[in-house]
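Below you'll find the structure, written out as structure tokens, and then a few comments.
Since every read-out is calculated from the coordinates, none of them should be taken as a lab result. This one's a predicted model, so the numbers in the text were calculated from it and none came from an experiment. In this analysis, Cβ positions are derived from the backbone assuming ideal geometry, glycine residues included, and neighbour counts consider all displayed protein chains.
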Amino acid sequence: MTSLQLLKNISNIDSQWLVDMETQKAPAPKPRYSLLVAVICLLALLLAGCGIAYLLHLGQLTIGTQTVPLSPDAVQGSQAPGQTELTVFSLQGAKGTPNYQASQEWLAFTQSYTRSGGEYWDSDPIYWAYSLQDQTMADKLEEICAKYDLAIIGKPWHEQIDCNQFLPLLGVDNLLKADSPAALSIPAGRYFPGGSFNVYGTLSLAGQEASITYQCIGKDVFYDVFGYLNSDTTTQRNYTTTDGIPLLFLESEWSSMILADRETCFVTIDITPAGNVPLDQIAECFDFTIRPHAPDPAAADAREQASNEEISNMQGDPNICRRPTYTEYVQDLIRAAEFQEIWYAENPEYTPPEVTYAFYDADGNGTQELLILHNGYIASIVGMKDGITDEGKSYHLLPYEDHVFIDWPGDEPNVPGEYWYHIFRFANNDDPVFSNPKERSIVRLKKDAEGNWWRTSSTEHYAEFDTQITENEAQAMLNSYTPIPLETHPLSEFSEP
Amino acid sequence: MDDNEILDLYFARSEQAIAETDRKYGNYCFYIASHILSNPADAEESVSDTYFSAWTLIPPRRPARLSVFLGKLTRNLSIDRWRKNTAGKRGSGETQLLLDELADCVAGGQSPETEVLRRELSAALNAFLGKLPERDRTVFLLRYYYANTQQEITQKTGLSANQVKYILQRTRKTLASMLKKEGLQ
């Protein structure tokens, strides 16, 4: 199937999903939970350190409060939905600055304004970075910007491969100090015409990894992204880097934020999770002396286009995920399973399958293929093609004599109440290479929601179920094949045949 | 005007039905079309096609939810128009990004578009959506049904850009795994 076929078929989903989604939407402009999530668990004010020059503290940044609904998963460990009042703070400047005043005025406006437009307002692209929902909001934004002599942040460029290739266009070689022991992978980000940017990535330091959102907003623009924190669970402290840059740390049990009020820009680094690496150590990795300037629009356009092409090329690489040996292929699977552990942890209702392997000549061409089994069913068949592994479609198969396979219905039927069976052989055409897909259908069977059985009369792969049969006939067909046992082993005990 | 009244106009073959549809759902349809087609003129054409299709299909059909019916028509017509516009070359805009992202989930070979495949796929997608937590489902639909940008999703859901990105990555991975399991990849 192609991605276009998939995209188009998403139109055929049950309408109720769309209706449910529409009815969930909150009627008023929402706060930026991004920062809420980042600092939601923080506590009280703790002013530490003092001395040199200007030390930022939360009180100087606070622009108001916001009552927000809390879903059970908004606060880890909490099961109680409800509301909470959060402190809203500027991520652009301290009290008295135009950026602060503009932020405060915008917050007050959005909290009192009930939007008049539809749910979907198609704004001018220069407003895309803002949470605007109608023309009145756009007019107010323009009014505030004019009042405080700030510019609209503008339509962004996107980088989707490696932001280190875009940063030089802003006059920034690296977000990290030259001697930093950390590594920063920043695959995605947005860059604005004036030099403001925000990027997303992973910081690796001392064997730990943290997700980071790095935001640098120029002081000549207004941006409507604010910070939100629960003052009951927040700690703040000041820290001055070894090269003399004063920072504000906001810390919680599971997330942290570093703020730096610089001469030409305001830098915010949102870190989730920070692991047990001290924030001081993380802060020392970053170069807060950067002074990003406006990128050359033509160069930025070219970089965005190149980024898109690189993505396209990567996805077009037919050898991606193919390995020269089965051993390496299996190692990939084991690593992927480890990654999936995160998903399993978040979805306790899901039980991961028991994964085993076996070698078996699936298509009868004299060469054994690697079978990956989930809970005893063949989930995928991997052959070697052109000296590298070649994985085809996935199945829920059991093997039978004479190289027959039956694709049995899984736990979740294709259509609620329906059970589909596919009896087939793999073609080999005397080809020593097993390469999917090349099933030769013997027959497909279906038990519909009313309990009626149907079969295909054609061996075309996607033939319709056009002939009604009795259950006895269907069972006779399924039972007419003799299962063969496979010698399976856990992936962790893998060895080449 | 109430949806039933608009539908009555269609059934009465009154052209006022188109005007009322445009008044009530014009912005909604244009929103969907403009996220798939980056050219506003194309989006407007697509919305016009939607009205024509609705005029052709109603009657005999009487959609239970006119908004969803029109939205699906607009989405399909816009994707068809996008495909026609970009035939033989790599496309651009948000739709190309969507396709690039969804490429992670599919094997890439052209499958025949039979009713059996469509049914299998829509059933699989419904099962997939049913398993997603509500928040993840919303993010998935905003991205892959309404073709919202990630930035728009952050604005609509209140999630951070990182969270949206992570949720989309995770749901694509889950979708890929499910499609693979169902032999639909």
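Please compute the length gained on full extension between A:Arg291 and A:Glu143, using 0.36 nm multiplied by the number of residues separating them and subtracting their Cα-Cα distance.
Full-extension gain reported as 50.5 nm.
Is the C-alpha gyration tensor of the range B:98-181 telling us rounded, prolate or oblate? Criteria: a/c under 1.5 is rounded; beyond that, a/b larger than b/c is prolate, otherwise oblate.
Prolate, since a/c reaches 1.5 and a/b exceeds b/c.
Pop the C-beta distance of A:Ser112 and A:Glu464 into the FRET formula with R0 = 60 Å and round what comes out to the nearest 0.05.
Once rounded, the FRET efficiency stands at 0.50.
In this model, which of A:Lys446/B:Lys181; A:Lys8/A:Lys155; A:Lys8/B:Lys84; A:Lys155/B:Lys84; A:Lys219/B:Lys156 are farther than 22 Å apart at the alpha-carbon?
From the list (A:Lys446/B:Lys181; A:Lys8/A:Lys155; A:Lys8/B:Lys84; A:Lys155/B:Lys84; A:Lys219/B:Lys156), the Cα-Cα distance tops 22 Å for A:Lys8/A:Lys155; A:Lys155/B:Lys84; A:Lys219/B:Lys156.
Obtain the nm distance between the two label points defined at A:Ala427 and B:Phe52 by a simple spin-label model: each point lies 7 Å from its Cα along the Cα-to-C-beta direction.
It works out to 4.1 nm between the two label points.
Around A:Leu247, which amide H atoms from residues at least 5 apart in sequence, or from another chain, sit under 5 Å from its own amide H, with H modelled in the peptide plane?
A:Tyr239, A:Thr240, A:Thr241
With the cut-off at 1.5 for a/c, could you classify the range A:189-233 from its C-alpha gyration tensor as rounded, prolate or oblate?
Oblate, because a/c is 1.5 or more while a/b does not exceed b/c.
Could you work out the helix-only [θ] at 222 nm for chain B, with each DSSP H run of four or more residues adding -39,500 (n - 2.57) and the total divided by the number of residues, to the nearest 500 deg cm²/dmol?
So the calculated ellipticity at 222 nm is -24000 deg cm²/dmol.
What average count of beta carbons from other chains do you get within 10 Å of the Cβ of residues in B:55-68?
That works out to 1 on average.
Rounded to whole Hz and in sequence order, give me ³J(HN,Hα) for the range A:287-303 from the Karplus expression 6.51 cos²θ - 1.76 cosθ + 1.60, θ = phi - 60°, writing x for Gly and Pro.
Here the 3J(HN,Hα) series is 9, 8, 8, 4, 9, x, 10, 5, x, 5, x, 5, 5, 5, 4, 5, 5 Hz.
Based on Cα coordinates alone, diagonalise the gyration tensor for the range B:3-88, multiply each eigenvalue by 5, take square roots, and list the semi-axes in whole Å, largest first.
Each semi-axis is the square root of five times an eigenvalue, giving 24, 12, 10 Å.
Under the 0.36 nm per residue contour assumption, what length would be gained going from the current alpha-carbon distance of A:Ile388 and A:Asp134 to full extension?
Extra length available between A:Ile388 and A:Asp134 comes to 86.0 nm.
Mind checking B:17-29 for the average number of partner chain beta-carbons within 10 Å of each residue's beta-carbon?
Taking all residues of B:17-29 together, the mean is 1.
Check A:Ala151: other-chain or 5+ apart residues with amide H under 5 Å from its amide H, H built from backbone geometry?
Under 5 Å from the amide H of A:Ala151 lie the amide H atoms of A:Val221, A:Phe222, each far enough along the sequence or on another chain.
Work out the FRET efficiency for B:Asp104 and B:Arg61 from their Cβ-Cβ distance, taking R0 = 41 Å, and round it to the nearest 0.05.
After rounding to 0.05, the efficiency reads 0.70.
Using Cα atoms only, what is the angle between the long axis of helix B:16-36 and the major principal axis of chain B, expressed in degrees (0 to 90) to the nearest 10?
In chain B, helix B:16-36 runs at an angle near 20 degrees to the longest axis.
Place a label point 7 angstrom from the Cα of B:Met1 along the Cα-to-Cβ direction, then list the residues of the range B:38-70 whose backbone nitrogen is under 20 Å away.
B:47-70
Among A:Tyr214, B:Tyr146, which comes first, then next, by fewest other beta-carbon atoms within 10 Å?
With the fewest neighbours first, A:Tyr214, B:Tyr146 line up as B:Tyr146, A:Tyr214.
Just in the range A:219-268: which GluC sites (Glu not before Pro) are loop by DSSP and have at most 14 other Cβ atoms within 10 Å?
A:Glu253, A:Glu263
How would chain B be classified by its alpha-carbon gyration tensor: rounded, prolate or oblate, with rounded meaning a/c under 1.5 and the a/b versus b/c comparison settling the rest?
Taking the square roots of the gyration eigenvalues as a ≥ b ≥ c, chain B is prolate.
In peptide B:174-181, what is the residue-averaged number of other protein chain Cβ atoms found within 10 Å of each Cβ?
The mean count of partner-chain Cβ atoms within 10 Å per residue comes to 5.
Any idea how far apart A:Ala206 and A:Asp14 come out in nm if each label point goes 7 Å out from Cα toward Cβ?
4.9 nm
Amide H to amide H, which residues 5 or more places from A:Lys385 or on other chains are under 5 Å from it, using H placed in the peptide plane?
Residues meeting the amide H criterion: A:Asp390.
With +1 on the Cβ of every Lys and Arg and -1 on the Cβ of every Asp and Glu, and nothing else charged, how large is the dipole of the range B:98-181 about its Cα centre, in debye rounded to the nearest 20?
320 debye
What are the ³J(HN,Hα) values, in whole Hz, obtained from phi via the Karplus relation 6.51 cos²θ - 1.76 cosθ + 1.60 with θ = phi - 60°, for each residue of the range B:67-75 in sequence order, with x given for Gly and Pro?
Computed from phi, the couplings for the range B:67-75 are 4, 5, 4, 5, x, 5, 4, 4, 4 Hz.
Using r as the Cβ-Cβ distance of A:Glu473 and A:Ala183, and R0 as 45 Å, what FRET efficiency do you calculate, to the nearest 0.05?
0.10
Within 10 Å, count the other beta carbons around each residue, average over each peptide in A:368-378, A:222-232, and list them highest first.
A:222-232, A:368-378
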